[in-house]
Amino acid sequence: MSDIAIEVRDLVKYYGGRCVLDGVSLQVRRGCIYGLLGRNGIGKTTLIRILLGQEPASRGRTFVLGTESMQLDARTRGRIGYVAEGHHLLQHYRVGHLVRLCRRLSCQWNQPFFDKLNETFRLPMERRVRELSTGMRAQLNLALAMAIDPEVLILDDPTLGLDTVARWQFLALAIDVIQRDGRTILFSSHILSDVERIADRIGILAGGKLVVDCSLEELKRRICKVQIIFAESPPDDLPLTGIIRQQRSGTEVIITVANWDAAKRAVVEAFRPQHVAEIPMTLEDLFIECTNPVRMPTAV
Amino acid sequence: MWTLIKREIDDSRAFFITGAAYTISIIVFVISNVYSGGLSSKSMSGWPILPMLVWAMVLFSGMGAKQMYMDKTRRISCFLSTLAVTRSAIFTARVITGVLLIVMTLLPVTAAWIIILKVVMPPIPLYQAMFVAGVRTVLLLSLASYSLGLLTGWAPGRVVPVLGGTTLALILIPLVILKGSGMETAVILVLVTAVSLIRSRQHFISTPL
Amino acid sequence: MNTLRSYLVHVVTVGVIVTLLLSLVLYWARFACKSVLGGITPLANRRAQVQPCGLLPLSLETQPAVVVPSRVMVDVHPEETVPLNEHTDLWLIGVQPLEDEKRLYTYFDPAIGKIVQCKIYQEEDEDGESNGLWINEPQLFVGPEGISVIDSDETGRFVEPRAVFDGKEDLIILDTKLRRLFRVNLAARQVVEAPAESLAEMGAPVAAGRISKNPNLLSMQWTPPLREATEQERRTRQDEIVPGNFIPAVPLSINAGEYVLVLDNAGRLHKLNRQTLQWAGQTGYLPTAPEFAMSRDEMARPYDLPAWIAVSVSFDPNNTYLGALVATLSPDGTGATVAVFDADGEMVASDMTMATRVRRRFERENGPRVRDLSDAEADTGYGKQLPGGSGARAGGPLDDDTVARARTINTYFEMPGGPALTGLRYLLENLQPPVFSVASYFTAPYISPEKGQRNLLLLPHSFAGSLGRKYQEDRFQRLAVLAMTMSPSLLIAAVLTMAVRRQARTIGLSDRSIKYWTAAILTFGLPAFLTWRFTRPTHTLVTCANCGRGRRPDMEKCHHCGSAWEVPELLAPAWRVFDDHAASSGASVPSTVSTSLQVAEEQPKDDNPQAQTTDAQPSA
C-alpha cells in the first residue's frame, strides 16, 4: 500500500476563461495533517472538489488513496470523509433520515462514535436540514464525515459558522481522529490558529500556484521577518533574493524574506547595519505576508 | 443499491402518486363505460386513446427530467458522491426507479385492457397479435420518453429541462401513427432509448457536480 | 484513449438522436406539403374515368331506356396515415354473422399454419345475459393438403396464404411462398388445386380472386348502363337502386362469372377457370400511372405500385366474361390510370389523371373521355381507334404524347401555391443527409412504395428516388441526374462543412478530427452539423500570451503557435518554500556575479515543484 494518501500532479483548472489553478503539485502522506491555506477564491475548494472527483480538471491528474479522482470506486469513497464548505447536505431531508441514509450507504459506520458525537452536538433528529442553523449543519456534516471512520478526512473550512465552543469541540475531535493510526487529514481553513494547532504540514496557494509546501516548523524557520537598522540611510536596494515584503522607515528597514539562511544574513551584515533582528511570526503573520497582494520588487 | 432506489422513490413520490392516479382514473373510466353503456368494439372506438397516451408520455418524460433537474438544483449527487457511492450507481438506481414507475403505471392499465379485450374481442390470433404489438409499443414509447427526459433534465437553465424532454417525447408519438406498432417502430424506439440512456449516463458521470 | 472513446460515444449517441428526431420532423413537414397539395388538387385532376367503358356492344349502351352509359372511374385519395397493421391483410379473412348472435370467423392461424373457420360467440348465463366468456368452436382447419375438422399435420401448413371469399362458401387461397393456388369449398369440404401447368403460364402469382391493394389510397367505381327504375322496382329491388332512382339496364356482375383473375409479379392479369383453376389466357396488365417523372414502361409491376385494383366484368345470366377493369396508382401516389381490357386482353380504353390544360388539349384533339353517345357517334366504331380520325372516338387507349404530358408535376404546377409547395417539398428532401439521398436514388426500385411512403431515411418517393427509378440503364446519365437533383443538398453540406472547419480550427481540434468531421458533414449534412453544435468541445478560449490568439486551457501547448503554457494574469510570487531547501533557495548574489542562480529563483515557470516536492521528507 502506497504511503501517499493524496497526490496532485500538475493540476490546471480553468473556469471559462479564468485560470484558477496553474500547475499545482503536492503530496500528502498517510498520517499527515496537511493545512491548505490561501485567500478567498484562490482555488482551495476547487482543488478539493477535483480531488473528490466532483469537478474535472482542465489538465493534470489527482489521486486519493491511490485511485484517480474521476474513477474513485465505492469502496474507496467509503474511506474518505468530507466536510464541504457551506456544509452542503440534502436540505429537504430530516436529520434522522439523512443519518439513516448515510449509515446505509457507508461501508463502515461507527454508531457508538456517532452517538458520542451526537451527545456533544445534540442534533435535532426530527428537524429538516434546511431548518438548522449554520453551526448545527456544520456539526451534522462533521458527525456524518467522522462516523464512517475515514482513512482520509478532507475538511474544507469545517469550522465556518461554528461558535467558539463548537470550534473547540471540533478541534478536540480532530485531534482524536489524528491519534488513530494512519489517518490523514487535508484541512483548509481561514482560522489559522486552528490550523497552527493541528497541522503538520502547510501548503499555501497564491497566484494559482503552490508557493509553500513544507512542515510548519520549516515554514516558520524559512520565512523570516527581519528588522535591520542602519546607522545612516539604508541602501536603496538590498541584493537579496526572495524578498516578500519590504518596509522602510527612516534608517529602519523591515524585510520579510523567503528561505532566510546564513548566506542571506551574511549579505545583510555586509552593509554593516547597526542592528539585525528576526521578528517571530505566527502562522497568521506568515500567511498575511505570503499572500498580501502588494508586491514588493525582488532584488535584481 | 436498494438504499439508492428507495431514496429515489422517496424523492419521486409525487410522480408515483400521479402515476397511480392516472392508472386508477383509466380503470374507473373503463369500468364506468362497462356499467353505463355496455362494452363493445364500437363503443371503444370513441375512447380518447391518444390523449391517454400523450399524458402517459408527458408523465414519464417529466419524471426523467425531474430526477435530473432536482439533482442539479439540490445538488443531491454532489452529496451522495461523497459517500460510498459511485455516480454510476446513482444513475442506475435512478433508471431503475423510472422503469418501476413505468411498470407500475402501465401494468394495471395493461391488465385492465387484457380484461376488456377478452370481453370485447373474439379470441383470434389477429387481435392477440395486435394487442401484444400495442403493449410492446406503448412500453417502448414510455421508456424512450423517460430516457429523453433524463437526457434533457441536466441541461442548463429551466426551459430545456422542463420542456425539452416532453417536447422530444411528443415528437416520438407520431412515429407510432406513421409506422404502426410493428417491429420497425420497436427497433427505432429501442435505439432512441439506448442512445439516450448511454448519453445521459456518460454526461452524468463526467459533469461537474 | 479513454477521452477519445468517450467523445466518440458522445458524438454517436447525439448523432443518432438528432438524425432520428430531425428525420421525423422533416417527414411531417414533407407530409404537410403533400397533404396540402393533395387537398387543393381539384377532384377533376385526381380522377380518371372512361364512359362508356367499352366492354359492352354499342347497342346495349345506346338502348332508348339507357340514361347513363356504363362508366368506370378511379379517384386518388390524399395520402392517409392510417397506422400500418401488418397482420390484418394476412390473417383475418372474413366474418360471417350467424343466427343467435354467433359469428363465423375465418382466419389464418400462423401458429398452426392453417386457415381456421371458427364459430365464436359469448357465453350467456341463465338470464340470457353475456357473462364475458368467449366460446370458440373450431369448425374447419384448411391446409394445403386438405381440410379437416381437427388440427392435423396431414393437412399440411400454409406459409403466407392470402385468402379471399369467392361467394359465401368458397375460398380462393394463394400461398405466395409455396406458389400454390387453391379453391376450397368449405361446405362440401373440397379442395381444388390449380395445376402446375396453369401456374407455369404466368409469373409468380401475387394476388388471386380479389385483386386489390390499399383501397384507401385508390378507389374504383363502376356502373353498368343505367335506366330509370319503375315504381315497382323501387319497392322490390331496393338493393339495386343507385342514387337518382336508376337501376342497371344490363345485368352485369363484378368478379363473378366463369373466370377468376390472378395477378402475377410482372403485372400481367390472367384468367383461370373458376372451377378447375385451369389457365385460360392473359386478360390484361397493370398499366403505368402518371407520376412526377414518367416511366417509359407501359406495364407496371405490382411490387412497384402502392395501390391497384382489377375486377372482371361478366354478364350476369350466363357469366360470359366481358373483360377487366384495372386501375393503378403511381409509385409516388400522385397519379392514377384506369384501363379497360376486353375478353381477349386488348386495351380498349384508358384514362389518366392529368392537369386541366393537358386534359383540355387532349379533348380538343380526341374528344372527351366521358360522353353521352349521340347517334352520329354511335355509327363511328365504338371503342376502337379510327384510322386517321379524331374527335369521334368514344374510347380507346391514350396516345403516347398525352401520356407523357400527364406527368403529375404539371397538375401540381398549375394550382395556386402548387409550385411553392412542390419547391418546399424538394428543399425539405434536400435537408436529408446526402448519403441517404444517394441511397434513395439507388434503392428506390427495391423498396415497396407503401413502405416507402412511411420511410424516414430512405425515400423512394423523393425527387431523387423517382428519378432513380426512371434512369436505370445509362450509368453516366444516372449519375448526372443524381448530381443535379441533389445539388441543393450538396451545396448545404458544403456550406456547413466550411463553417464547421472554421470553428474546429478555432477551438484547436486536431487535423484528423477536422477531417473526420468534414467527411461526416459532407455525408450526413444537417444532422451532422447539429450533432457538431451539440457535441463540440465547449472550452472557453484563453488569449495566448505568445501569439495573442485564443487557445484551449486543456492543451499544454497553444494549438496556433505551439508555445508552452503561461498565465500572465496570475501574479504568483517568484519565491517558493518547499522542503528541499537546496532546490528552493538561491543565495543572494551581487549584480557582478553570474546571474544563473538568480534566474533559477526568479523564473518560477522553470521550477519543477514536482521534483522538489518528492524530495521532501514528511515532518516528524
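The values are calculated or read from the model by the stated rules, or taken from the named source; none is laboratory data. Here the structure is a predicted model, which is why all the values come from computation and not from measurement. When we count neighbours, we look across all protein chains shown, and the Cβ atoms used for this are built from the backbone with ideal geometry, even at glycine.
Within region A:75-99, if we keep just the residues that are crowded, with 16+ Cβ neighbours inside 10 Å and part of a helix (DSSP H, G or I), the residue that is nearest to the other protein chains (Cβ to nearest Cβ) turns out to be A:77.
Pairing each residue of region C:199-211 that is free of Cβ contacts under 8 Å to residues at least 12 places away in the same chain with any residue that is among the hydroxyl-bearing types (Ser, Thr, Tyr) and surrounded by 22 or more Cβ atoms within 10 Å (Cβ to Cβ), provided the two are 6+ apart or on different chains, yields no C-beta distance under 7 Å. For region A:233-244, filtered to residues that are of a type outside the set (Gly, Ala, Ser) and out of contact with any Asp or Glu (no Cβ under 6 Å at 6 or more places or on another chain), the residue that is surrounded by the fewest Cβ atoms within 10 Å (Cβ to Cβ) is A:236. When residue A:219 is tested against (1) in a helix (DSSP H, G or I); (2) of a type outside the set (Lys, Arg); (3) out of contact with any helix residue (DSSP H, G or I) (no Cβ under 8 Å at 6 or more places or on another chain); (4) under 25 Å from residue C:577 (Cα atoms), only condition (3) is not met. Just so you know, in region B:178-190 the residues that are buried (at least 16 other Cβ atoms within 10 Å of the Cβ) and of a type outside the set (D, E, K, R) include one that is farthest from the other protein chains (Cβ to nearest Cβ), and it is B:186.
The conditions of being in contact with a helix residue (DSSP H, G or I) (Cβ under 9 Å, 6 or more places away or on another chain), within 12 Å of chain A (Cβ to nearest Cβ) and under 28 Å from residue A:210 (Cβ atoms) are not met by residue C:542.
Among residues of region C:535-546 that are surrounded by 16 or more Cβ atoms within 10 Å (Cβ to Cβ), those with a Cβ under 6 angstrom from a residue that is aliphatic (A, V, I, L, M) and not in a loop (DSSP other than H, G, I, E, B), sequence gap 6+ or separate chain, pair up as C:535/C:11; C:535/C:14. When the test is whether a residue is at pLDDT below 90, touching a strand residue (DSSP E or B) at 6+ places or on another chain (Cβ under 7 Å) and not in a helix (DSSP H, G or I), residue A:241 does not pass it. Taking the criterion of being over 26 Å from residue C:220 (Cβ atoms) and buried (at least 19 other Cβ atoms within 10 Å of the Cβ), the residues of region C:27-51 that qualify are C:27, C:30, C:33. Taking the residues in region C:22-58 that are basic (Lys, Arg) and in a helix (DSSP H, G or I) as candidates, determine which candidate is farthest from residue C:353 (Cα to Cα). My answer is C:30. Residue under question is residue C:345, and the condition is that it be in contact with a Leu (Cβ under 9 Å, 6 or more places away or on another chain) and either of a type in the set (Ser, Thr, Tyr) or within 30 Å of residue C:458 (Cβ to Cβ) (or both); does it hold? So residue C:345 does not fit the description; no. Please specify each residue of region A:130-156 satisfying the condition of being farther than 15 Å from residue A:114 by Cβ, at pLDDT 85 or above and among the polar types (S, T, N, Q). The one that is farther than 15 Å from residue A:114 by Cβ, at pLDDT 85 or above and among the polar types (S, T, N, Q): A:133. Applying a threshold of 7 Å to beta carbon distances and a minimum spacing of six or more residues, or different chains, the list of pairs starting in region C:90-110 at a residue that is of a type in the set (Lys, Arg) and ending at one that is not in a helix (DSSP H, G or I) reads C:102/C:119; C:102/C:121; C:103/C:95; C:103/C:96; C:103/C:97; C:103/C:120; C:103/C:121.
Criterion first (surrounded by 17 or more Cβ atoms within 10 Å (Cβ to Cβ) and either more than 14 Å from chain B (Cβ to nearest Cβ) or touching a Gly at 6+ places or on another chain (Cβ under 6 Å) (or both)) does residue A:4 satisfy it? Answer is yes for this residue.
Going by the structure shown, is residue C:518 in a helix (DSSP H, G or I), in contact (Cβ under 8 Å) with a residue 40 or more places away in the chain, more than 28 Å from residue C:570 (Cβ to Cβ) and in the same structural domain as residue C:457 (by TED's automatic domain parsing)? Here the answer is no, as residue C:518 does not meet what is asked.
Yes/no per residue for (1) modelled with pLDDT under 95; (2) within 14 Å of another protein chain (Cβ to nearest Cβ); (3) surrounded by fewer than 18 Cβ atoms within 10 Å (Cβ to Cβ):
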position: B:91; (1), (2), (3): no, yes, no
position: B:100; (1), (2), (3): no, no, yes
position: B:111; (1), (2), (3): yes, no, yes
position: B:122; (1), (2), (3): yes, yes, no
position: B:127; (1), (2), (3): yes, yes, no
position: B:135; (1), (2), (3): yes, no, yes
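Quick check: anything in region A:270-293 modelled with pLDDT under 90, closer than 23 Å to residue C:577 by Cα, in contact with a Phe, Trp or Tyr (Cβ under 6 Å, 6 or more places away or on another chain) and in a loop (DSSP other than H, G, I, E, B)? No, the conditions are met nowhere in region A:270-293.
Table: residues versus (1) at pLDDT 80 or above; (2) touching a His at 6+ places or on another chain (Cβ under 9 Å).
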position	(1), (2)
B:37	no, no
B:46	no, no
B:50	yes, no
B:63	yes, no
B:75	yes, yes
B:81	yes, no
B:84	yes, no
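Residues in region B:58-83 that are among the basic types (Lys, Arg) and within 17 Å of the chain's Cα centre (by Cα): B:66 only.
Consider residue C:149 carefully, then state whether it is closer than 30 Å to residue C:278 by Cβ, β-branched (Val, Ile, Thr) and without any contact (Cβ under 8 Å) to a residue 24 or more places away in the chain. Yes: the conditions hold for residue C:149. Scanning region C:255-265 turns up one or more residues that are in contact with a Pro (Cβ under 8 Å, 6 or more places away or on another chain) and closer than 30 Å to residue C:61 by Cα.
Among the criteria (1) surrounded by fewer than 22 Cβ atoms within 10 Å (Cβ to Cβ); (2) among the small types (Gly, Ala, Ser); (3) at negative phi, the one residue A:60 does not fulfil is (3). Does residue A:159 meet the test of being closer than 27 Å to residue A:220 by Cα, in contact with a helix residue (DSSP H, G or I) (Cβ under 8 Å, 6 or more places away or on another chain), of a type in the set (Ser, Thr, Tyr) and modelled with pLDDT under 85? The answer is yes for residue A:159. For region B:157-174, filtered to residues that are within 11 Å of chain C (Cβ to nearest Cβ) and closer than 19 Å to residue B:199 by Cβ, the residue that is surrounded by the most Cβ atoms within 10 Å (Cβ to Cβ) is B:169. Put simply, of C:339, C:289 the only residue that is assigned to a strand (DSSP E or B), buried (at least 24 other Cβ atoms within 10 Å of the Cβ) and touching a strand residue (DSSP E or B) at 6+ places or on another chain (Cβ under 8 Å) is C:339.
Give me the residue from region C:451-476 that is at pLDDT 80 or above and surrounded by fewer than 19 Cβ atoms within 10 Å (Cβ to Cβ) and, out of that set, farthest from residue C:527 (Cα to Cα). Once the filter is applied, the top-ranked residue is C:476. Scanning region B:69-89 for residues that are closer than 18 Å to residue A:45 by Cα and among the small types (Gly, Ala, Ser), we see that the one that is farthest from the other protein chains (Cβ to nearest Cβ) is B:77.
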